[in-house]
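Working notes, structure below.
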Amino acid sequence: MRRVLLAEHRVDFRRQHDGLLAEAYRLGAEPYDGDCIVFVRKDRTQIRVLVGDRYGLYLVSRRFEGGRLRTLLKFAAHPGAKTVSTGELSLLLEGSSFTVHKRAKPWRSGAGRGR
């Protein structure tokens with residue numbers, strides 16, 4: 001996966017592959033190049049993940065039985081997305097509640113710093 005994007009607006013969950021692909025392009029994502037786009041249903045009872053590769057497009061759906069996703073995601077009025085880590089995606093898919101206050105910068109070797 002190149003990057004994981006979490007859609008911050010409401011998306012019609014009656015849409016299937018083509019409709020969600022159009023929504024992904026609207027957000028500036030490129031699913032066929034490895035971008036993973038996560039959509040949360042407005043009542044927070046379902047998540048859909050759209051990802052593709054050179055062989056095709058994959059749509060994964062997770063429904064939360066007996067409750068709703070307890071994320072602090074506030075839906076925006078206009079289409080937008082924020083980047084999340086693969087760890088945050090994992091927590092989201094299992095239905096965990098989390099808040100990221102600050103991320104540590106990734107380590108880079110000294111060779112890449114022009115020494």
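The values are calculated or read from the model by the stated rules, or taken from the named source; none is laboratory data. Since this is a predicted model, take the numbers as computed values, not measurements. Glycine also receives a Cβ, built like all others from the backbone with ideal geometry; neighbour counts cover every protein chain displayed.
Every residue, every condition in (1) among the aliphatic types (A, V, I, L, M); (2) closer than 16 Å to Gly95 by Cβ; (3) touching a strand residue (DSSP E or B) at 6+ places or on another chain (Cβ under 9 Å), yes or no:
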{"residue": "Leu21", "(1), (2), (3)": "yes, no, yes"}
{"residue": "Tyr25", "(1), (2), (3)": "no, no, no"}
{"residue": "Gly28", "(1), (2), (3)": "no, no, yes"}
{"residue": "Tyr32", "(1), (2), (3)": "no, no, yes"}
{"residue": "Asp53", "(1), (2), (3)": "no, no, no"}
{"residue": "Gly56", "(1), (2), (3)": "no, no, no"}
{"residue": "Val60", "(1), (2), (3)": "yes, yes, yes"}
{"residue": "Phe64", "(1), (2), (3)": "no, yes, yes"}
{"residue": "Pro79", "(1), (2), (3)": "no, no, yes"}
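Assuming Arg10 fulfils every condition listed in (1) in contact (Cβ under 8 Å) with a residue 40 or more places away in the chain; (2) surrounded by 19 or more Cβ atoms within 10 Å (Cβ to Cβ) apart from one, which condition is it?
Unmet for Arg10, out of (1) in contact (Cβ under 8 Å) with a residue 40 or more places away in the chain; (2) surrounded by 19 or more Cβ atoms within 10 Å (Cβ to Cβ): (2).
If you check every pair at least six apart or on different chains, which have Cβ atoms under 6 Å apart with a residue in segment 21-35 that is on the phi > 0 side of the Ramachandran plot first and a residue that is exposed (fewer than 13 other Cβ atoms within 10 Å of the Cβ) and hydrophobic (A, V, I, L, M, F, W, C) second?
Cβ pairs passing all conditions: Gly34/Met1.
Say we look at segment 13-41 and pick out the residues that are of a type in the set (Lys, Arg) and closer than 20 Å to His78 by Cβ; which of these is surrounded by the most Cβ atoms within 10 Å (Cβ to Cβ)?
The initial filter retains those residues of segment 13-41 that are of a type in the set (Lys, Arg), namely 14-15, 26, 41.
Next, from what is left, pick out any that are closer than 20 Å to His78 by Cβ: 15, 26, 41.
On the way: Arg15: 16, Arg26: 13, Arg41: 18.
Here the residue is Arg41.
Look through segment 72-107, keep the residues that are part of a loop (DSSP other than H, G, I, E, B) and within 13 Å of the chain's Cα centre (by Cα), and return whichever of them is modelled with the lowest pLDDT. Even if it seems obvious, please write down each step before you answer.
Here is the first cut: in segment 72-107, the residues part of a loop (DSSP other than H, G, I, E, B) are 72-75, 77-80, 85, 95-107.
Checking the rest, the ones that are also within 13 Å of the chain's Cα centre (by Cα) come to 73, 80, 85.
Numbers: Leu73: 68, Gly80: 83, Ser85: 86.
Residue satisfying both the conditions and the ranking: Leu73.
Given the condition assigned to a helix (DSSP H, G or I) and either more than 14 Å from Val4 (Cα to Cα) or touching a residue at least 24 places away in the same chain (Cβ under 8 Å) (or both), answer yes or no: does some residue in segment 57-68 qualify? If you could, list the steps in order and put the result at the bottom.
First, pick out the residues of segment 57-68 that are assigned to a helix (DSSP H, G or I): none.
Within segment 57-68 (the criterion being assigned to a helix (DSSP H, G or I) and either more than 14 Å from Val4 (Cα to Cα) or touching a residue at least 24 places away in the same chain (Cβ under 8 Å) (or both)), the answer is no, since none of the residues qualifies.
One residue is enough: does segment 37-50 have a residue meeting the conditions closer than 17 Å to Gly80 by Cβ and in a helix (DSSP H, G or I)?
Within segment 37-50 (the criterion being closer than 17 Å to Gly80 by Cβ and in a helix (DSSP H, G or I)), the answer is no, since none of the residues qualifies.
For the structure I just gave you, tell me whether Arg44 is over 13 Å from the mean Cα position of the chain (by Cα) and over 16 Å from Phe75 (Cα atoms).
Taking the combined requirement at face value, the residue does not satisfy it.
For segment 36-56, give me each residue that is among the charged types (D, E, K, R) and touching a residue at least 24 places away in the same chain (Cβ under 8 Å).
If we filter segment 36-56 for residues that are among the charged types (D, E, K, R), which is where we start, we get 41-44, 48, 53-54.
The answer is Arg41, Lys42, Asp43, Arg44, Arg48.
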